[in-house]
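S.K.: My questions all concern the structure below.
Quick note: the coordinates plus some simple rules give every number you see, no bench work behind them. From a predicted model like this one, the values you see are computed outputs, not experimental measurements. Neighbour counts run over all protein chains shown; Cβ positions are idealised from the backbone, glycine included.
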Amino acid sequence: MPEEETAENPKNLLPSSEEQSPEEAPESESPLPSETPDSPELDVVLKPTSGNIVLVTYHALCTEALTKDPWQFFRTAADFEKDLKLIKECGIQVKSYNEILTALKNGDPSVREPALILQFDDGLKSDYDLALPLLQKYGMKSTHFISSVRAAEHHKGFMSFEEIQAMRNCRTDQGVPLIEVGVHGGKHIAIGRQVGESEEAFHKKLQEELSLSKTILENALGESVNLLALPFGSGFKEEAVESYGKSLGYDLIRGWRKDLGHFPSYALDNLKFYPVYNNSDLREAIRLAYGEK
């Protein structure tokens, strides 16, 4: 069973354990993707017009499985392609966070439609090398959360700003941006208030991890960034973190393994968080979007 990711037990570059505590693990393990059909059919007969927006969350992709052990926090490129093919074949919408935000601001009822948001945390190089070509092939939008100091300092295994900019320049056949980008802190540390942390240290950390990291990413890309995913989910729904984040212009302050509360200015109650592991079956996420258990 997976271990819970914390600041003291962070993910490795290609994590070997997931961010899920044993008591939160599913009652029965899904088969490894290699054990499932190439094009599994969904047993969703009637597709409802209202449902959930499922936040389908990836981290590392790799060319070959790192282990056969289940509940590992990687996805092979072959299984990722099966995921995209399944999404394409079943016809469910894939949206970006800013599409959802625009609909919320306009009071558009489309926020009640079944949909997926594909997202990648950490800004790993596999986003560019492995995920992007497949996203382009299937015309799928995705959101990538970048730890900006890692990118700025050219940390091994992480995307450069040049690669991130190249992703931002990609468009769908309709000319819509394929990739949106958000902040994932600067150094990927726990942003929430820690036990024994002084007020001065806490506020310095907020400034560096929420404000400076945003400025670094915006300057590198030449555009404003309004999306934030908190590393480890640390600081989620903490008043100091949320109020400061909103003051900086973040319209999304996303936690980890939390369904609700990611849009601080909107009470959207049909969000579902779905982390992806090496043995995940994406049919579960699609059924979740259609309101099935």
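S.K.: Full-extension gain between TYR266 and ASP108, please, as 0.36 nm times their residue separation minus the C-alpha to C-alpha distance. Don't skip to the answer; put the middle values down first.
M.R.: Details: separation 158, 0.36 × 158 = 56.88 nm, distance 1.29 nm.
Contour length minus Cα-Cα distance gives 55.6 nm.
S.K.: Using alpha-carbon pairs under 8 Å, 6+ residues apart, how would you state the relative contact order of the stretch 192-293 in percent? Before the final figure, lay out the partial values.
M.R.: On the way: 91 pairs, mean separation 19.3, N = 102.
Normalised by residue count, the contact order of the stretch 192-293 is 19 percent.
S.K.: Under a Cβ-Cβ cut-off of 13 Å, what is the net charge of the residues other than ALA131 that fall near it, where Lys and Arg count +1 and Asp and Glu count -1? Mind showing how you got there, number by number?
M.R.: On the way: positive: ARG75, LYS125, LYS137, LYS141; negative: ASP79, GLU81, ASP83, ASP121, ASP122, ASP127, ASP129, GLU163.
Once all neighbours under 13 Å are counted, the net charge is -4.
S.K.: Longer than 18 Å from Cα to Cα, which of LYS95/LYS125; LYS125/LYS237; LYS88/LYS258; LYS82/LYS137; LYS187/LYS237 are they? Say none if no pair is.
M.R.: Numbers: LYS95/LYS125 23 Å; LYS125/LYS237 30 Å; LYS88/LYS258 26 Å; LYS82/LYS137 12 Å; LYS187/LYS237 20 Å.
Listed pairs above 18 Å: LYS95/LYS125; LYS125/LYS237; LYS88/LYS258; LYS187/LYS237.
S.K.: Using a simple spin-label model with points 7 Å from Cα along the Cα→Cβ vector, what separation in nm is obtained for GLU89 and ASP129?
M.R.: About 2.9 nm separates the two model spin labels.
S.K.: What shape does the stretch 144-293 take by its C-alpha gyration tensor, where a ≥ b ≥ c are the square roots of the eigenvalues and a/c under 1.5 counts as rounded, a/b above b/c as prolate, and the rest as oblate? Display every interim value, and only then the final one.
M.R.: Values: a/c = 1.67, a/b = 1.13, b/c = 1.47.
Judged from the Cα gyration tensor, the stretch 144-293 comes out oblate (a/c at least 1.5, b/c at or above a/b).
S.K.: Right, next: Apply the Karplus curve 6.51 cos²θ - 1.76 cosθ + 1.60, θ = phi - 60°, to the phi angles in the stretch 132-139 and return the couplings in whole Hz, x for Gly and Pro.
M.R.: In residue order, the calculated couplings are 4, x, 6, 4, 5, 4, 9, x Hz.
S.K.: Return a whole-number percent for the relative contact order of the stretch 87-218, with Cα pairs under 8 Å and 6 or more residues apart as the contact set. If you can, show how the numbers build up before the last one.
M.R.: Numbers: 182 pairs, mean separation 29.3, N = 132.
Contact order relative to length: 22 percent.
S.K.: Okay, next question. Among 216-226, 142-152, 268-278, what's the highest-first ranking by average C-beta atoms within 10 angstrom per residue?
M.R.: Working: 216-226: 16.0, 142-152: 24.3, 268-278: 18.9.
Ranking, from highest mean packing down: 142-152, 268-278, 216-226.
S.K.: Tell me which of LEU268, VAL195, ASN279 sits at the most positive position along the dipole axis of the stretch 187-293, charges placed on C-beta atoms (Lys, Arg +1; Asp, Glu -1).
M.R.: Checking the options against the dipole of the stretch 187-293, the answer is ASN279.
S.K.: Once the other residues with Cβ under 13 Å from the Cβ of ALA220 are scored (Lys, Arg +1; Asp, Glu -1), what is the net sum? If you can, show how the numbers build up before the last one.
M.R.: On the way: positive: ARG150, ARG168, LYS214; negative: GLU153, GLU162, GLU163, GLU218, GLU223.
Net local charge, ALA220 excluded: -2.
S.K.: So, one more: Can you compute the modelled spin-label distance between ALA166 and GLN194, with each label point 7 Å from Cα toward Cβ, in nm?
M.R.: Spacing of the two 7 Å Cα→Cβ label points: 3.6 nm.
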